[in-house]
Amino acid sequence: MAEKIIFKRENRVELGTVEGDVEIDHCDYLVPQQGNEIVITGTLTIRGETTVQGSLRVDRLEAKTSDRITIEGDLYADKSAIVKRGSLVVEGSAKARDIRADGSLKVGKDLVCITGTGGGSIKVGGNAKAQRLNGGGSV
């Protein structure tokens, strides 16, 4: 059985490659141990506002926050990246099967997905490639 690692109320959490699931509960920063990428083979669950200082590669990203999840690099999710109630900001490119932010979805470079949803709006700085994009306000 794959492990589940839980971090609570820490300012800075350093992660490298993790086999299994990770839960981040009200931690301010996720920092790569080496290079500029964090790899999680399972689900990354985030509660509270968090900034990822680098790129993030996960099977699934699930966040519950009324604030913002910021990824300062690229986001690669094999399955889905979902932010309930809050916003998702990816400064690099984002690639996921399904990507959804109940607040707003902002991608600095390219967005590649099957379905993309931003409750407020979707803003993509580069190219957007999707079968369906839905923005509550604007796309």
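Do you know which residues across the range 15-26 are on the phi < 0 side of the Ramachandran plot and either small (Gly, Ala, Ser) or surrounded by fewer than 14 Cβ atoms within 10 Å (Cβ to Cβ) (or both)? Reasoning before the result, please.
Let us first name the residues in the range 15-26 that are on the phi < 0 side of the Ramachandran plot, namely 15-19, 21-25.
Scanning the range 15-26 gives 16, 17, 19.
Which one is farthest from the chain's Cα centre (by Cα) among residues in the range 1-13 that are surrounded by fewer than 13 Cβ atoms within 10 Å (Cβ to Cβ) and either modelled with pLDDT of 95 or more or of a type in the set (A, V, I, L, M) (or both)? Among them, the one singled out is 1.
Pick from the range 65-86 the residues that are in a strand (DSSP E or B) and in contact with a Gly (Cβ under 8 Å, 6 or more places away or on another chain): which of them is surrounded by the fewest Cβ atoms within 10 Å (Cβ to Cβ)?
68
The values are calculated or read from the model by the stated rules, or taken from the named source; none is laboratory data. Here the structure is a predicted model, which is why all the values come from computation and not from measurement. Here the Cβ is made from the backbone with ideal geometry for all residues, glycine too, and neighbour counts use every protein chain on show.
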